[in-house]
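**Q** I have a structure I would like to understand better, so I am pasting it below and will then ask my questions one at a time.
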Amino acid sequence: MDTRILKANAILFLAAVLFGSVFVAQRIAMDHLGPFSYTGIRFALGAFCLAPVAWYRSRRWAGRACSHKEETRAKFSGRWQPVWASLVSGGLMCLTINLQQIGLVHTTAGKAGFITGLYIIIVPLLRLFIGKRPGLGLWAGASLGATGLYFLSVSQSFSLAPGDGWVLACAFAAAGHVIVIGWLAPEMDSFVLAFGQTLVNALVSLALAL
């Protein structure tokens, strides 16, 4: 297998571990902070940590040699792309995280993890609407993943709670965010995109917290 594919899969696996490990902390935080305050502070810290790396990478990205055709495109992309890409991806991230955070007020961390994880099924469904037909392997993998999430996250006393609806809405927003990131990531530096969407999420969440 291509080493780039192995590296990409390893990074995505690490992202999944980090993403899943914060659910308990998010649930505990709701005993002390409001959802928007927690999200705003959390992502403001993230943006602060990403800022120097994003600044360095943006200079490196802008300085790459390119053909005349690519240069014309790069002038437009370099000026406007980080702005609208950050607004679109950051808006979806803000919607996703805050729906999840609100839901965690009224449901358990395990159930929230399971319901949020349903986005692995929702992503291929949404891609059908934009003319992308997922292969059989993707459907099989997504179905097995959702089944595994169920057995890992849900106890025998599974029951619906008021927060579950909020988290289900979060799963749809997360699926939209994944599709948008899949579209934007190859077009610009990933650290610049990560910083931009994190900053937008922090600013909107803090404004809502006020």
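The values are calculated or read from the model by the stated rules, or taken from the named source; none is laboratory data. Treat the numbers as computed from the prediction; the structure is a model and nothing was measured. All Cβ positions, glycine included, derive from the backbone under ideal geometry; neighbour counts span all protein chains shown. Note: accessible area is taken over every heavy atom of the protein model, side chains too, but ligands, DNA and RNA are not part of it. Shrake-Rupley method; radii C 1.70, N 1.55, O 1.52, S 1.80 Å.
**Q** Could you tell me which of rounded, prolate or oblate describes the chain, using a ≥ b ≥ c as the square roots of the eigenvalues of the alpha-carbon gyration tensor, with rounded for a/c under 1.5 and, failing that, prolate when a/b is larger than b/c and oblate otherwise?
**A** oblate
**Q** Something else now. First select every other residue whose beta carbon is under 13 angstrom from the beta carbon of GLN100; then total the charges, Lys and Arg +1, Asp and Glu -1.
**A** Within the 13 Å Cβ shell, the charges total +2.
**Q** Using Cα-Cα distances under 8 Å and only pairs 6 or more residues apart, what relative contact order does the chain have, in percent?
**A** Relative contact order here is 41 percent.
**Q** A further question follows. Want the number for ALA15 to ALA146: 0.36 nm per residue separation, take away the alpha-carbon distance, what's left?
**A** Between ALA15 and ALA146, full extension yields an extra 45.4 nm.
**Q** Dipole magnitude of the chain about its Cα centre, charges +1 at Lys/Arg Cβ and -1 at Asp/Glu Cβ only, in debye to the nearest 20?
**A** Rounded to the nearest 20 debye, it is 600 debye.
**Q** State, to one decimal in nm, how far the label point of ILE121 lies from the label point of THR3, with both points 7 Å from Cα in the Cβ direction.
**A** The two pseudo-label positions are separated by 3.9 nm.
**Q** Something else now. Run the helix sum for the chain: -39,500 (n - 2.57) per DSSP H stretch of 4+ residues, divided by residue count, reported at 222 nm to the nearest 500 deg cm²/dmol.
**A** For the chain, the value works out to -27500 deg cm²/dmol.
**Q** Give the ranking of ILE122, ILE28, ILE181 by solvent-accessible surface, highest area first, calculated with a 1.4 Å probe.
**A** ILE28, ILE181, ILE122
**Q** So how much slack lies between CYS49 and TRP84, counting 0.36 nm per residue of separation and subtracting their Cα-Cα distance, in nm?
**A** 10.4 nm
**Q** Also, quick follow-up: Would you look at the GNM of the chain, springs on alpha carbons closer than 10 Å, and say which of ARG127, ARG60, ARG27 moves the most?
**A** Taking springs between Cα atoms under 10 Å, the residue moving most is ARG60.
**Q** Follow-up. Measure off 7 Å from each Cα along the Cα-to-Cβ vector at TYR56 and SER190, then give the distance between these two points in nanometres to one decimal.
**A** 1.6 nm
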